[in-house]
Each structure stands twice: as structure tokens, then as C-alpha cells.
């Protein structure tokens, strides 16, 4: 029996972990034992516990409860806690997802005491090292033994950085194995799509009609903490709403909620509050987000995960960033980078609203990425 220690701490990681835990439960229960560590990076129940409950993720075995802090303090607390658990549990490998501080902490802790790292969502690059996530994903990749990229672009990025394509076992951080495996988020989108429609009443609750609202999410600190960028985004959304008589559905991230009170220019805030079609709501659960994404006309976001989910459900996407690690979306013409530029956001909306017959090519695999990853873990870490 292989023991893996899975580290998760933020909303996207809870979602990704659901796919792997489900594959282990359904097909690998006699071969893989999973120990789940929740760092507590997202500690709000609306951002954390609800995901475990509705997505049937096994309850975590450990919760480090690090909470919110500066990058340094938060990451240091995670490294210390994860190292203790690695020494206690002695897993065959550690599984890490994506690019958060929890990912970085896990990679550093494991590499220092020679526990093999399995990085799911490897190879993604925005080529902007001012983003903390870019540093996190690069460091994790270069500490990893097995690297699973969801896209061909990600796989190519790893080759460009010097990862050999045809290494032979035994695999180590000095002799890593890279894979193009498809996206486990797509696994989940397919699995939970019908369930979401049955379980969530969010459209009725907020009086949202299919195809008649825009879904928006804003959470990145470079948008929420910069008053000029923040005002530009909200002003654009409000103008889109008023000029087109459209509802804007905006689930509020805790960071965004604080920023609305502290950073949003008063005239923009007042205009938004006076608009009955601007619908602010608490953080949406994963199933609620699926329903919103499936039924909206268009998505506006600065979230990497929501960009992809829009694509999964064949919705055009306006991205409030100057670059994206999911370059396939922009190349397909189904997403556009506007940064926090009010004029570009409004223009992008007008272009998408008039654009017909968009094509969403199958770039994220076949919906069985988690099973493939489990198979490779078994192959590489089973006792010989």
C-alpha cells in the first residue's frame, strides 16, 4: 500500500483534490492510502468547509490552521507544520496542487527531508514573476519528482526549462518525469455538472435568468489593493450592466469584501449600490459556481480556475489580468486579456456579445486525468 500525503489550503486545491480522492476511493483504494493535510490558508467556512462537504472530499486528517498573514509568516508556519507531519507519517510521496503558498511550503518542506513531490498542474507559466503564484509554481516544479501538466503548453514550458522528456526510472528530483495528462478540473466539471443543477437553487435565490447575466469574480491583491485598478474594474462592470440592462452576479471573496469598504472610490461604490442589477452575494460554493457558469452569458474574472471553468462550459471570458497561464484560452479566441482597463473591458464585452459560433477546442484532456495520475503514482512508488 502506497501512502501519499496531500497538502491543500485554498479553494482551487479543494476542488482538484476531490478528483484525486474520488479516483482513489473508486479504483485505487487497495493500492493508495491518502493522508490529507489542510494548511488553513483559506479558513472561512464559505471558502473551505463547504467544499469538503458538497464535493465529498474526505475530512482532512490534519489542519494546521495557519490563517491569514504575510507571505513570509504564513509560508514559514506551513513549512514547519508540514515538516512535522512528514516525519510523523513517513509517506512515500507528497501530492501538491497548483501554485499557492501551501504548494510552495509543501515543496520546500518535502525537498529538505527528501520526500518525493508529485506536482499536479505543473508547467504553467504566466511569465510574470511579480505574481507570487509564478514563483510558487516554478519552485515547486523544480523540487518535484513527478510533474503532471494539464496542457501541451505546460509540458512544452517544462521542456524549455530543461526537464528531459525521456528520463528512465528510478525517478528523483534530479531525474524527474514529466507528463501531459489533461486537467483534473475538467474531470470535476464533467462529474459535478448535472449534480450541481439538482442541488443548487442559486439562480432562483438571486432571480437570475439563464443567459441574461454576467458572472464576475475579483480577488487578486493587485486588483483589490490598488484603488485605481479596483475602481476601473467596478466602473466597467457597472457600465456594462446599466448600458445593456444586464445583471452582474458577483460572489464576494473575503479580500474583495474588505476592499469594497476600504479601497473602492466613493463615486464608483455609490453608483454600484444604486444599480439594482448589480448582485453581490457571499462566496459561492463549487456547485453554485458551476450553476452560475453554465447559465451566465459571459464570465469576467481575475481567477485562473474560473477562466478554465468558463471554457469548460463554453462561455466567453474577460480576464482582468495582463497575462494568463492558460494561454490556450486566449489563442482559441474565447477569452481576452483586458487587465484592469475600463475601456478594454467594455470593448471586450461588446465584441463577445456580438460574436457567434465560438469554438472551444478540446485542450484539457478526456476527463480521466485523476485516474492516469493515480496509475503513475502506483507505478513509481510501489515497492519493487
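The values are calculated or read from the model by the stated rules, or taken from the named source; none is laboratory data. If you're wondering where the values come from, they're calculated on a predicted model, not measured in any experiment. For neighbour counting, all protein chains shown are included, and Cβ atoms are generated from backbone atoms with ideal geometry for every residue, glycine included.
Out of 13, 41, 74, I need the residue that is in the same structural domain as residue 370 (by TED's automatic domain parsing), buried (at least 19 other Cβ atoms within 10 Å of the Cβ) and outside any helix (DSSP H, G or I). Which one? Full working, then the answer.
Numbers: 13 fails: outside any helix (DSSP H, G or I); 74 fails: outside any helix (DSSP H, G or I).
None of the other options fit; the residue is 41.
Just to be sure I understand, how many residues within segment 340-367 are touching a residue at least 60 places away in the same chain (Cβ under 8 Å), out of contact with any helix residue (DSSP H, G or I) (no Cβ under 7 Å at 6 or more places or on another chain) and part of a loop (DSSP other than H, G, I, E, B)?
1
Filter segment 44-55 down to residues that are surrounded by 13 or more Cβ atoms within 10 Å (Cβ to Cβ) and modelled with pLDDT of 75 or more and give me whichever is nearest to residue 25 (Cα to Cα).
The qualifying residue nearest to residue 25 (Cα to Cα) is 55.
Per-residue answers, yes or no, for (1) crowded, with 17+ Cβ neighbours inside 10 Å; (2) part of a helix (DSSP H, G or I); (3) free of Cβ contacts under 8 Å to residues at least 24 places away in the same chain; (4) touching a strand residue (DSSP E or B) at 6+ places or on another chain (Cβ under 7 Å):
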{"residue": "35", "(1), (2), (3), (4)": "yes, no, no, yes"}
{"residue": "57", "(1), (2), (3), (4)": "yes, no, no, no"}
{"residue": "65", "(1), (2), (3), (4)": "no, no, no, no"}
{"residue": "82", "(1), (2), (3), (4)": "yes, yes, no, yes"}
{"residue": "87", "(1), (2), (3), (4)": "no, yes, no, no"}
{"residue": "107", "(1), (2), (3), (4)": "yes, yes, no, yes"}
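Of all residues in segment 147-169 being loosely packed, with under 12 Cβ neighbours inside 10 Å and touching a residue at least 12 places away in the same chain (Cβ under 8 Å), which is farthest from residue 124 (Cα to Cα)?
Initial filter on segment 147-169 (loosely packed, with under 12 Cβ neighbours inside 10 Å): 160, 162, 165-166, 168-169.
Filter once more, keeping what is touching a residue at least 12 places away in the same chain (Cβ under 8 Å): 165, 169.
Numbers: 165: 17, 169: 24 Å.
The residue in question is 169.
Might you let me know whether segment 183-205 holds any residue that is under 27 Å from residue 268 (Cα atoms), loosely packed, with under 12 Cβ neighbours inside 10 Å and in the same structural domain as residue 272 (by TED's automatic domain parsing)?
If we filter segment 183-205 for residues that are under 27 Å from residue 268 (Cα atoms), which is where we start, we get 202-203, 205.
Now narrow it down to the ones that are loosely packed, with under 12 Cβ neighbours inside 10 Å: 205.
Restricting the remaining residues to those that are in the same structural domain as residue 272 (by TED's automatic domain parsing) gives 205.
Checked against the condition, which is being under 27 Å from residue 268 (Cα atoms), loosely packed, with under 12 Cβ neighbours inside 10 Å and in the same structural domain as residue 272 (by TED's automatic domain parsing), segment 183-205 yields at least one hit.
Among the candidates 377, 346, 373, 318, which residue alone is touching a strand residue (DSSP E or B) at 6+ places or on another chain (Cβ under 8 Å) and in the same structural domain as residue 234 (by TED's automatic domain parsing)? Walk me through how you get there before you give the answer.
Numbers: 377 fails: in the same structural domain as residue 234 (by TED's automatic domain parsing); 346 fails: touching a strand residue (DSSP E or B) at 6+ places or on another chain (Cβ under 8 Å); 373 fails: in the same structural domain as residue 234 (by TED's automatic domain parsing).
Checking each option against the conditions leaves just 318.
Report, by residue number, each residue of segment 296-313 that is touching a helix residue (DSSP H, G or I) at 6+ places or on another chain (Cβ under 7 Å) and crowded, with 22+ Cβ neighbours inside 10 Å.
Within segment 296-313, the first condition is being touching a helix residue (DSSP H, G or I) at 6+ places or on another chain (Cβ under 7 Å), and the residues that meet it are 298-302, 305, 307-313.
Across segment 296-313, the qualifying residues are 299, 300, 301, 302, 307, 308, 309, 310, 311.
Look through 127, 148 and report the one residue that is assigned to a loop (DSSP other than H, G, I, E, B) and not assigned by TED's automatic domain parsing to the domain that holds residue 318. So that I can check it myself, show each step before the final result.
Values: 148 fails: assigned to a loop (DSSP other than H, G, I, E, B).
When all the criteria are applied, what remains is 127.
Restricting to segment 174-215, and then to whatever is assigned to a loop (DSSP other than H, G, I, E, B) and under 15 Å from residue 288 (Cα atoms), can you tell me which residue is nearest to the chain's Cα centre (by Cα)? Full working, then the answer.
We begin by selecting, within segment 174-215, every residue assigned to a loop (DSSP other than H, G, I, E, B); these are 174, 176, 181-183, 200-201, 206-212.
Okay, now just the ones that are also under 15 Å from residue 288 (Cα atoms), so 200-201, 206-210.
Numbers: 200: 21, 201: 24, 206: 25, 207: 27, 208: 25, 209: 26, 210: 25 Å.
Among residues in segment 174-215 that are assigned to a loop (DSSP other than H, G, I, E, B) and under 15 Å from residue 288 (Cα atoms), the one nearest to the chain's Cα centre (by Cα) is 200.
Could you tell me which residue of segment 113-128 is surrounded by the fewest Cβ atoms within 10 Å (Cβ to Cβ), considering only residues that are more than 20 Å from residue 156 (Cβ to Cβ) and out of contact with any helix residue (DSSP H, G or I) (no Cβ under 7 Å at 6 or more places or on another chain)?
Only one residue fits best here, namely 114.
Kindly evaluate residue 333 against the criterion of being in contact (Cβ under 8 Å) with a residue 12 or more places away in the chain and at positive phi. Full working, then the answer.
Values: in contact (Cβ under 8 Å) with a residue 12 or more places away in the chain: yes; at positive phi: yes.
It is true that residue 333 is in contact (Cβ under 8 Å) with a residue 12 or more places away in the chain and at positive phi.
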